[in-house]
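The values are calculated or read from the model by the stated rules, or taken from the named source; none is laboratory data. What you are looking at is a predicted structure, and each value in this text was computed from that prediction instead of being measured. Cβ coordinates were reconstructed from backbone atoms using ideal geometry, including for glycine residues, and neighbour counts include every protein chain displayed. Accessible surface areas use protein heavy atoms only, side chains included; no ligands, DNA or RNA. Shrake-Rupley method; radii C 1.70, N 1.55, O 1.52, S 1.80 Å.
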Amino acid sequence: MRIARLAVGGIALIALLSGLPAAAEIYPTRQITLIAPWPPGGAIDALCRALAPGLGDRLGKPIVVENRPGAGSVIGTAAGAKAEPDGYTLVMAGSGSLAISATLYKKLPYDPARDFAPIALIARIPFVLVVNPSLGARSVEELVAYGKANPGKLSYGSGGPGSPHHLYAEMLNSMTGLEMAHVPYKGSAPALTDVVAGHIPLMFSDTVPALPLIRDGKVRALGVSSAARLPSALEVPPIAEAGVPGFDAAGWGMIVAAAGTPDDVVRRLNADLIAVLASSEVQQQIISLGMVPASPAPPTGLQIYIDGEMARWGKVVHQAGLAGTE
């Protein structure tokens, strides 16, 4: 009788286990896709590829970086939002696609506040305020003084309406009372070329192309946009220390998955990504990209961080008159 009961119990257990969903399997059981929502060869692509080998080693499965560019990173980010919530499709989402686009676009194919499971903040991406050396200003304070004494004479370049170069300059206008005019370009590279040539006096530039020009004396750096100094250019002060207290503007990259991804999968990925980021080799790779490695943080507070960034940049987008223009 006891043997019969055990046999029946065993059959019931097998039936129960066979009915468990795939999520109950030990994660991961196959390769993982990491979507880079920008073209190959760019900084975000390089950031993804810096993380992939170490994360794959820790998980025991390969991480395949897949580039899905378009619409200012919206296309690739949307693909992540619509993926199965199983942890096998991740996205390197950024401040542009999650925080700025929420106000810039009339309608997005995803909800930044509801459609993602934030996993780990990877890096912050400061910019550097550069001027042509012919402009007399040697500090942010002198730039502000010059702009107020010469209304209508300052203009700045950007990579296009709604780009970080544009919004950071608008934030500087707002916080200092300057009225610098916006000169949009089709990309940041031609804008920086025109700063070097003296066709426009200044811009907030990506750090990687700007640093060699700064060191060669072709442009002058007045400050970095983040509140902390840039590891690859410690000699350049933060704008917050150089005359505009409270100024802090930096992009960021965050690994996210689709909303509904199991909590244990999110925790596992968070722990492994933090371990990868602790590697000195990976940190140096991130610094070489002009970024600042993020401090370790659990996933629980990341949605609050995203919500705060949406509110902060939404205000700047409104002030710039760009709300709903895309």
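A Förster distance of 22 Å, applied to the separation of the beta-carbon atoms of R312 and A181, puts the FRET efficiency at 0.40. Computed from label points 7 Å out along Cα-Cβ, the spacing between D111 and Y305 is 2.3 nm. A simple spin-label model places pseudo-atoms 7 Å from Cα toward Cβ; at V196 and D216 they are separated by 0.5 nm.
Under the membrane-span-like helix rule (DSSP H runs whose alpha carbons stretch at least 20 Å along the helix axis, mean Kyte-Doolittle hydropathy -0.5 or higher), the chain yields 2-18, 43-59, 263-277, 302-319.
I need the chymotrypsin sites (Phe, Trp or Tyr not before Pro) found in the stretch 170-275, filtered to DSSP loop residues with at most 16 other beta carbons within 10 Å of theirs.
none
For the stretch 45-95, a crude dipole built from +1 on the beta carbon of Lys and Arg and -1 on the beta carbon of Asp and Glu, taken about the Cα centre, is about 40 debye to the nearest 20.
If the segment from S280 to R267 were pulled out straight at 0.36 nm per residue, it would be longer than the present Cα-Cα gap by 2.4 nm. Expressed as a whole percent, the accessible area of the chain that falls on carbon and sulfur atoms is 58 (1.4 Å probe). Taking 7 Å steps out from each Cα toward its Cβ at Q319 and A145 produces label points 2.4 nm apart. Subtracting the Cα-Cα distance of S288 and E235 from 0.36 nm times their residue separation leaves 17.5 nm of extension gain. Of the residues V265, V236, I125, the one whose Cα sits farthest toward the positive end of the charge dipole of the chain, with +1 on the Cβ of Lys and Arg and -1 on the Cβ of Asp and Glu, is V265. Antiparallel beta bridges, as assigned by DSSP with both residues in the chain, represent about 60 percent of the total such bridges. Cβ-Cβ distance of A297 and R58, R₀ of 22 Å, FRET efficiency by 1/(1 + (r/R0)^6): the value works out to about 0.75. In the set (i) 23.2, 99; (ii) 24.9, 80; (iii) 20.1, 63, the label that goes with Rg and Dmax of the Cα atoms in Å computed for this structure is (i). In the elastic network of the chain, a GNM with C-alpha springs shorter than 10 Å, the most mobile of G157, G72, G177 is G177. Among G152, L104, I287, which residue has its Cα positioned farthest towards the positive end of the charge dipole of the chain, with +1 placed on the Cβ of Lys and Arg, -1 on the Cβ of Asp and Glu, and the dipole taken about the Cα centre? My answer, from the dipole projection, is L104. When the alpha carbon gyration tensor of the stretch 76-150 is reduced to an equivalent ellipsoid, the three semi-axes, largest first, read 40, 15, 9 Å.
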